[in-house]
Amino acid sequence: MSNASDIRELQEKQEQLTKGVVNAFEQVSFDYAKLQTMFFALLQDLGKTDTLSCSECNEEVMRPLLSKLPVENTCPMCGGDLINDTSQTTVDDWDNGTTEEE
Ligand SMILES: [Zn+2]
């Protein structure tokens, strides 16, 4: 067995490993997106979301309203301030929560 064929074999194994890792990450991010979609659909059914629009990019942003989670006030796309254009009753949920944000 020559050194050259050993190196060639190692390179092939390396390529296979890299492809495997890339595939695994793709699968994980696909599953993550699916889970996130299901999670938001569930929260929406429970009335535990509100939808705001971004003051910078006008993107509509749905955010979870859960007492144990801090309320997100910035746009995930651009970091702009979210504005509450439809006053919703679910705001009480996070007033009663433990968040100490202004
Ligand atoms: Zn934005």
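Coordinate-derived values only; no laboratory data. Being a predicted model, the structure only gives us computed values, none of them experimental. For neighbour counting, all protein chains shown are included, and Cβ atoms are generated from backbone atoms with ideal geometry for every residue, glycine included.
Candidates in the stretch 35-83 are the residues that are part of a helix (DSSP H, G or I) and surrounded by 15 or more Cβ atoms within 10 Å (Cβ to Cβ); of these, the one that is nearest to the chain's Cα centre (by Cα) is F40.
Does E60 fit the bill of being closer than 28 Å to I83 by Cα and without any contact (Cβ under 8 Å) to a residue 40 or more places away in the chain? Answer is yes for this residue.
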